[in-house]
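Beneath this line is the structure, given in structure tokens, with notes to follow.
The values are calculated or read from the model by the stated rules, or taken from the named source; none is laboratory data. Predicted model, so just to flag it, every value in this text is computed and none were measured. Virtual Cβ from ideal backbone geometry, glycine too; neighbours counted across all protein chains shown. Heads up: the accessible areas ignore ligands, DNA and RNA and are worked out on the full protein's heavy atoms, side chains in. Shrake-Rupley method; radii C 1.70, N 1.55, O 1.52, S 1.80 Å.
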Amino acid sequence: MQVARGASDEVRLVADAFDRVQATAYALATEQAQLRRSSAESLANLAAATRTCCAASLASSPARTGGVEPHRLANLFELDHLATRMRRNAESLLVLVGAASPRQWSEPLPVSDVIRAAVSEVEEYRR
């Protein structure tokens, strides 16, 4: 802070104190921004890893291939549904931390496909 030439020692001390406060505030703001960025990157990495695990789980599910005995099919559908919800939560977390949406389509989808996908991701899908 610039002080006029004829200012008293007290005014100079106050100006110096304001300079120190400003420098400290700037340093703290910078540190907070770095911590937020680091936290967001950590959450994005965690969400991406979770999404990858869920996608692998969904891809390898016997319920998707149809090679399952009928009495086990209900349990497999339940697991498939839970993995789908976990994937969706991981994708939401990625969007919240500022990452690009992981599911993007290059062409428009039919409304029936959008509704079917939305219903499959609802917690109480049996309703």
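Structure above, values below:
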read-out: From the options L43, L28, L35, L73, residue that is touching a residue at least 12 places away in the same chain (Cβ under 8 Å) and either open to solvent by 100 Å² or more (accessible area, probe 1.4 Å) or over 19 Å from A117 (Cα atoms) (or both); value: L43
read-out: Some residue of the stretch 9-19 being over 31 Å from the mean Cα position of the chain (by Cα), charged (D, E, K, R) and open to solvent by less than 80 Å² (accessible area, probe 1.4 Å); value: yes
read-out: Neighbours by Cβ (under 9 Å, 6+ apart or cross-chain): first from the stretch 82-100, on the phi > 0 side of the Ramachandran plot; second open to solvent by less than 50 Å² (accessible area, probe 1.4 Å) and at pLDDT 80 or above; value: G98/A40; G98/A44
read-out: Test result for T50, out of contact with any Cys (no Cβ under 8 Å at 6 or more places or on another chain), open to solvent by less than 70 Å² (accessible area, probe 1.4 Å) and either under 30 Å from L82 (Cβ atoms) or part of a loop (DSSP other than H, G, I, E, B) (or both); value: yes
